[in-house]
Amino acid sequence: MQTSAKIRVAVAGGTGYMGIELLRLLALHPRVEVRRVTSEQYAGKLLSDVYPSFRSWLDVRLEELDRGRLSEGVDAVFSGLPHGAAAATIVEALERDVVVFDLSADFRLRDPLEFARWYGEHPAPSLLPDAVYGIPELARERIGAARIVAVPGCYPTGALLGLVPLVRAGLVGDGPIVVDAKSGASGAGRAAKTDLLFGEIQENVRAYGVGRHRHLPEIEQELRARGCHAPIVFTPHLLPIRRGILSTLYVPLKASGDVGAAFAAAFDAEPFVSVLGEGKFPEVRDVRGTNAAQIGWTVLAEKSMAIVVTAIDNLGKGGSGQAVQCFNVRFGIDERTGLDQIAAVP
């Protein structure tokens, strides 16, 4: 039964791009009380000193990360800490029966050997079975009982929303699935990096992690779990925009099946996924600043192929928005709460 009581939360790593987007959503969430926010860089300052837009909305004083203190007196912890650092914090939180929403990669991969291949030795492999891969449209019931929700990577979210319905419907053939995805610069985080300077990305498009990006095993894991063993070829690109991901998915098809019916069955009742229809393709501006995902496609019957295009905001449905959606599911709140937004255009 739902109540109106506030759910007390702490946010670890609250001043990077993902963390500040999370705080923007939580500050306006009617069922959330933000008790604690950590930031190694800005500890001791008010959040509004670092981001003036939070003045009068969330004037919390930023703290250094103290793992023992972080989960004191709260019901949930959101971790925006880097890969590797998040797991130790999560161990402490679980000891206090606090629900954790982790935006790092630490609990996304179920196989510790696969994790080690991409990120190094896992710091808490015994907890991997407790984590639920958190795309609500694909795992709502499991999220509702989870101790750890592993918030998926941004690229995998855009890819899996476009692929899983076709896999479930038995439409995907044996040839390789090609995932060609393009993201705004905020996906790389807020740390100063030469290759993310304005002069490096403006009027430029760059492929990176070609065929070997570390989000690839997430896509493979989730498709394999649903019985799809087609090879996945994934290459991301950096766009000269702040936020948004456009994914173009080239999907081999079996001889028969209705792509539109597969998407309708998967998403017609979903509040955050809009199926635009065949021949109608989404754009990143139409999801910017929201938790929405949009999907369009075309079928090349003569080539036994579907081309599916998805658009999400990498900080929204690709990160913090999805984390809040998972939070709502986990605590029995209407999923739209705190997330009803219309994209700002232009």
> When you go through (1) among the hydrophobic types (A, V, I, L, M, F, W, C); (2) more than 18 Å from Gly134 (Cα to Cα); (3) buried (at least 17 other Cβ atoms within 10 Å of the Cβ) one by one for Val345, which number turns out not to apply?
Replying inline: (3)
>> I need a count of the residues in region 183-204 that are outside any loop (DSSP other than H, G, I, E, B) and surrounded by 21 or more Cβ atoms within 10 Å (Cβ to Cβ).
In response: 4
> In region 1-41, which residues are in contact with a Ser or Thr (Cβ under 6 Å, 6 or more places away or on another chain) and in a loop (DSSP other than H, G, I, E, B)?
Replying inline: Gly14, Thr15, Ser39
>> Can you pull out every residue in region 1-52 that is of a type in the set (Gly, Ala, Ser) and surrounded by fewer than 15 Cβ atoms within 10 Å (Cβ to Cβ)?
In response: Ser4, Ala5, Ala43, Gly44
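Every residue, every condition in (1) surrounded by 14 or more Cβ atoms within 10 Å (Cβ to Cβ); (2) under 18 Å from Lys317 (Cα atoms); (3) of a type in the set (S, T, N, Q), yes or no:
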site	(1), (2), (3)
Arg212	no, no, no
Glu220	yes, no, no
Leu223	yes, no, no
Pro231	no, no, no
Gly244	yes, yes, no
Tyr250	yes, no, no
Ser256	no, no, yes
Ala262	yes, no, no
Ala265	no, no, no
>> Just the residues that are crowded, with 24+ Cβ neighbours inside 10 Å and polar (S, T, N, Q), please, taken from region 295-330.
In response: Thr310, Asn314, Ser320, Gln322, Gln325
>> Just to be sure I understand, how many residues within region 185-208 are within 19 Å of the chain's Cα centre (by Cα) and either at pLDDT 95 or above or of a type outside the set (Gly, Ala, Ser) (or both)?
In response: 1
>> I'm told Arg96 meets every condition in (1) in contact with a Ser or Thr (Cβ under 7 Å, 6 or more places away or on another chain); (2) surrounded by fewer than 21 Cβ atoms within 10 Å (Cβ to Cβ); (3) at pLDDT 95 or above except one. Can you identify the failing condition by its number?
In response: (3)
> Are any of the residues in region 31-44 closer than 23 Å to Gln341 by Cα, touching a Leu at 6+ places or on another chain (Cβ under 6 Å), of a type outside the set (D, E, K, R) and in contact (Cβ under 8 Å) with a residue 12 or more places away in the chain?
Replying inline: yes
> From the list Arg214, Arg190, which residue is under 20 Å from Arg108 (Cβ atoms), basic (Lys, Arg) and in contact (Cβ under 8 Å) with a residue 60 or more places away in the chain?
Replying inline: Arg214
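The values are calculated or read from the model by the stated rules, or taken from the named source; none is laboratory data. Note that the coordinates shown come from a computational prediction; the quantities given were computed from them, not determined experimentally. Neighbour counts are summed over all protein chains in view; Cβ atoms, including those assigned to glycine, are modelled from backbone coordinates with ideal geometry.
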